[in-house]
1. Between R12 and E38, how high is the FRET efficiency from 1/(1 + (r/R0)^6) when r is the Cβ-Cβ distance and R₀ = 22 Å? Nearest 0.05.
2. Which of the peptides 20-31, 46-57 is most tightly packed, and how do the rest follow, going by the mean number of other Cβ atoms within 10 Å of each residue?
3. By the gyration tensor of its Cα atoms, with a ≥ b ≥ c the square roots of the eigenvalues, what is the shape of the chain: rounded for a/c under 1.5, prolate for a/b over b/c, or oblate?
4. With everything on Cα atoms, drop me the angle between helix 13-23 and the longest principal axis of the chain, reported from 0 to 90° to the nearest 10.
Amino acid sequence: MITVNMHEAKSRLSQLVKAIEEEGEVVILQRNGQPVAEIHRYRPPAPNPIRRDLTPDPRLRPILAPGYDPAEPLSEEEWPGDCR
C-alpha cells in the first residue's frame, strides 16, 4: 500500500498508476494527513445474469367488468365536462 499526499500524487501520478497496474498496489491519497481516497486496479463489475425464465404473475392480470371493451370509444356522457 502506498500512501501519498495530494501534491505528491499530482507530481507522481504516472508512477503511481504504473505501480497499480504492474504490482497491484493500492494508493491512499491524503489531504492534511487524513486519508480521503483510495486508488486501486479497475475490476469490471460482475456480469448481471439475464433470467430467461420469467413468466408473468397471473395475480397481476387485469380484471375487466363483464361486457367492457377497452378499445371501445367513450360516449359523450362518459367524457369529463371540461374535455367536451
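Here, each number is a calculation from the coordinates, and none is a lab measurement. This one's a predicted model, so the numbers in the text were calculated from it and none came from an experiment. As a convention, Cβ positions derive from the backbone with ideal geometry for all residues, glycine included, and neighbour counts pool all protein chains shown.
1. Details: r = 16 Å, r/R0 = 0.74.
Plugging the Cβ-Cβ distance into 1/(1 + (r/R0)^6) gives 0.85.
2. Highest mean packing first, the order is 20-31, 46-57.
3. Cα axes put the chain in the prolate bin.
4. The helix 13-23 is inclined about 80 degrees to the chain.
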